[in-house]
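Report on the structure given below.
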Number of protein chains: 2
Amino acid sequence: MNIAIIGLGNIGGSFALAIKTNIPDADIYAIDIDAAVIEKAKKQHLIKDGSQDFKDIIPQADLIIFAVYPKLLVQLVKDYTPYLKEGCIITDVTGVKTSIIGEVEPLLPDHTDFVFGHPMAGRENRGLKFSSREVFIGANYLITPTPRNKEKNIDFLKNFVKELEFGNISVITPDFHDEVIGFTSQLAHVIAISLINSDDAARNTKKYTGDSYRDLTRITNINEKLWPELFMMNKQHLLNHIDNFQTQLDKLYAAIQSDDVETMERMMLESTKRYKDLHDIED
Amino acid sequence: MNIAIIGLGNIGGSFALAIKTNIPDADIYAIDIDAAVIEKAKKQHLIKDGSQDFKDIIPQADLIIFAVYPKLLVQLVKDYTPYLKEGCIITDVTGVKTSIIGEVEPLLPDHTDFVFGHPMAGRENRGLKFSSREVFIGANYLITPTPRNKEKNIDFLKNFVKELEFGNISVITPDFHDEVIGFTSQLAHVIAISLINSDDAARNTKKYTGDSYRDLTRITNINEKLWPELFMMNKQHLLNHIDNFQTQLDKLYAAIQSDDVETMERMMLESTKRYKDLHDIED
């Protein structure tokens with residue numbers, strides 16, 4: 001099987017590493033705008049071949065994995081369509097689904113199948129050098145089929161990512177995907193950015209931090225070209241989640257302000273219960 | 001030197017472990033309301049002796065480390081004062097300083113010196129069994145002297161915690177301590193609780209989480225008896241920090257709502273810069 005990875009950044013590179021290890025008989029090709037990255041990947045025998053010109057790669061690809069920003073993904077699908085191999089399967093790693101599916105599906109030739117997916121194994125560092133096979137191991141993987149997808153191709157993607165050692169593989173609707181990701185990923189980023197930016201820069205805070213602050217701000221090293229795109233593509237869900245968070249924050253604020261120990265205790269018992277549920281800890 | 005640890009929970013136990021390893025000639029005694037905990041610590045040779053009755057321990061103690069909740073600390077100091085050894089040094093681990101100092105100092109006999117301290121190495125799990133020497137290694141330690149403290153006793157505490165392998169040891173005013181801890185620790189807890197409590201419990205969110213959500217909610221397994229006390233003791237600083245966080249959150253919310261990419265990018269570049277500063281990463 002010929003696999004083409006589009007974009008050899010952190011995630012694309014991690015796919016290459018995971019495929020090389022777990023599916024050794026696959027031939028991995030890559031397209032990247034950076035010739036040096038292609039050269040490096042070839043030297044490391046991470047890919048069989050690569051190019052900056054998709055016409056060298058796409059016509060032979062049985063599976064195409066797009067690991068690029070959402071806007072670029074739409075543009076590239078437009079460029080690639082005349083050159084896609086008959087029956088090829090396409091997938092992606094985009095963090096928001098409904099809008100990208102709406103833009104991409106009308107562009108596709110009938111003989112191809114784009115099964116949209118989302119590996120929940122993002123990392124804050126960019127570029128091939130931060131790629132790792134390990135980040136996929138046990139990570140959650142979300143597949144968001146559409147009526148256009150063939151059952152066998154959805155199954156193919158499921159088995160493919162299982163071979164790459166992903167953990168929980170969930171098949172969900174694009175809208176549910178966006179709703180839940182708006183909460184677990186996007187809201188978390190909104191909060192972390194707001195927290196670190198509210199620091200008094202003159203205070204030299206780092207001398208006084210414990211693990212809490214470092215944990216809550218780990219994701220603030222954020223790709224400022226990618227995330228505004230994701231936020232805008234999922235605006236309604238995200239704003240709704242911020243509103244719900246705001247309700248809880250206001251409640252806790254009022255309890256602190258009025259020395260309302262009972263409400264604080266109740267909220268903390270609730271958060272502890274939810275923590276234990278999240279981590280499968282028995283009482 | 002006879003050291004008395006008051007409260008053999010997670011932090012008190014970690015002190016015992018760290019002292020045993022790094023200052024082997026010290027004799028460690030402990031007081032705990034739970035006889036079984038004292039027995040266990042004696043069996044493990046973690047302490048030389050222990051008791052539920054402070055009169056067995058306190059009169060011989062050269063150094064007393066209070067590792068108990070703030071309200072209990074005040075009560076115990078009242079009980080102990082007639083029995084304190086001439087010239088003994090006392091310290092604590094309380095997460096908020098100004099109010100506890102105000103309550104405790106008037107109770108102290110002239111011949112004793114209470115040097116207030118704060119090891120920034122809290123853990124979400126309670127009890128002796130979760131104690132560890134390692135959590136102190138490289139952790140920040142804050143000492144908040146008052147005009148009543150003797151210079152040599154402040155130096156003693158500094159050297160003592162350096163021997164226990166704490167990292168950055170800062171000497172700061174009680175009010176600055178409360179201001180900065182209100183930000184790095186208390187605000188972080190307020191945010192984490194609000195985040196996890198805003199989850200839709202029917203969604204089975206854990207199947208769809210990445211590291212972001214798990215990082216931002218790690219501290220939600222919170223001691224509901226301790227933290228309301230801490231929040232109320234530091235109310236003004238904490239509410240002020242929540243207000244500043246709120247300002248940033250509102251700004252980002254408005255930017256998302258109005259597709260204001262420029263503001264989002266600027267906030268993300270700022271958070272990335274602050275992340276790098278926090279972690280001493282060069283550009």
Would you mind finding the one in A:Ala202, A:Ala188 that is among the aliphatic types (A, V, I, L, M), more than 7 Å from every other protein chain (Cβ to nearest Cβ) and in a helix (DSSP H, G or I)? A:Ala202
Per-region count, the stretch B:158-171, residues part of a loop (DSSP other than H, G, I, E, B) and open to solvent by 20 Å² or more (accessible area, probe 1.4 Å): 3
Are any of the residues in the stretch A:171-191 out of contact with any helix residue (DSSP H, G or I) (no Cβ under 8 Å at 6 or more places or on another chain) and at positive phi? no
Go through the stretch B:75-104 and give me each residue that's over 18 Å from B:Ile58 (Cα atoms) and in a helix (DSSP H, G or I). B:Thr98, B:Ser99, B:Ile100, B:Ile101, B:Gly102, B:Glu103
Name the helices (runs of 4 or more DSSP H) wholly within the stretch A:209-283 that hold at least 1 residues that are open to solvent by 30 Å² or more (accessible area, probe 1.4 Å), modelled with pLDDT of 95 or more and of a type in the set (Lys, Arg)? A:235-257, A:261-278
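Could you tell me whether B:Ile5 is outside any helix (DSSP H, G or I), buried (at least 24 other Cβ atoms within 10 Å of the Cβ) and touching a residue at least 24 places away in the same chain (Cβ under 8 Å)? Steps first, please.
Working: outside any helix (DSSP H, G or I): yes; buried (at least 24 other Cβ atoms within 10 Å of the Cβ): yes; touching a residue at least 24 places away in the same chain (Cβ under 8 Å): yes.
Judged against the criteria, B:Ile5 is a match.
For the stretch B:19-69, what are the residues that are more than 23 Å from B:Leu164 (Cα to Cα) and part of a helix (DSSP H, G or I)? Walk me through how you get there before you give the answer.
Pass one, the stretch B:19-69, residues more than 23 Å from B:Leu164 (Cα to Cα): B:33-36, B:39, B:51-56, B:59.
Result: B:Ala35, B:Ala36, B:Glu39, B:Phe54, B:Lys55, B:Asp56, B:Pro59.
Would you say B:Asp259 is within 7 Å of another protein chain (Cβ to nearest Cβ) and on the phi > 0 side of the Ramachandran plot? Explain how you work it out, then say what you get.
Values: within 7 Å of another protein chain (Cβ to nearest Cβ): yes; on the phi > 0 side of the Ramachandran plot: yes.
Considered against the rule, which asks whether it is within 7 Å of another protein chain (Cβ to nearest Cβ) and on the phi > 0 side of the Ramachandran plot, B:Asp259 comes out as yes.
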So for the stretch A:222-229 (the condition being facing another protein chain (nearest Cβ under 7 Å) and in contact (Cβ under 8 Å) with a residue 60 or more places away in the chain), does at least one residue qualify? yes
Considering each residue of the stretch B:105-141, count those that are of a type outside the set (Val, Ile, Thr) and in a loop (DSSP other than H, G, I, E, B), and give that number. 19
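The values are calculated or read from the model by the stated rules, or taken from the named source; none is laboratory data. Everything numeric here is computed off the predicted structure, so don't read it as measured data. Cβ atoms come from the backbone with ideal geometry, glycine included; neighbour counts cover every protein chain shown. These area figures cover heavy atoms from the full protein model, side chains too; ligands, DNA and RNA do not enter into them. Shrake-Rupley method; radii C 1.70, N 1.55, O 1.52, S 1.80 Å.
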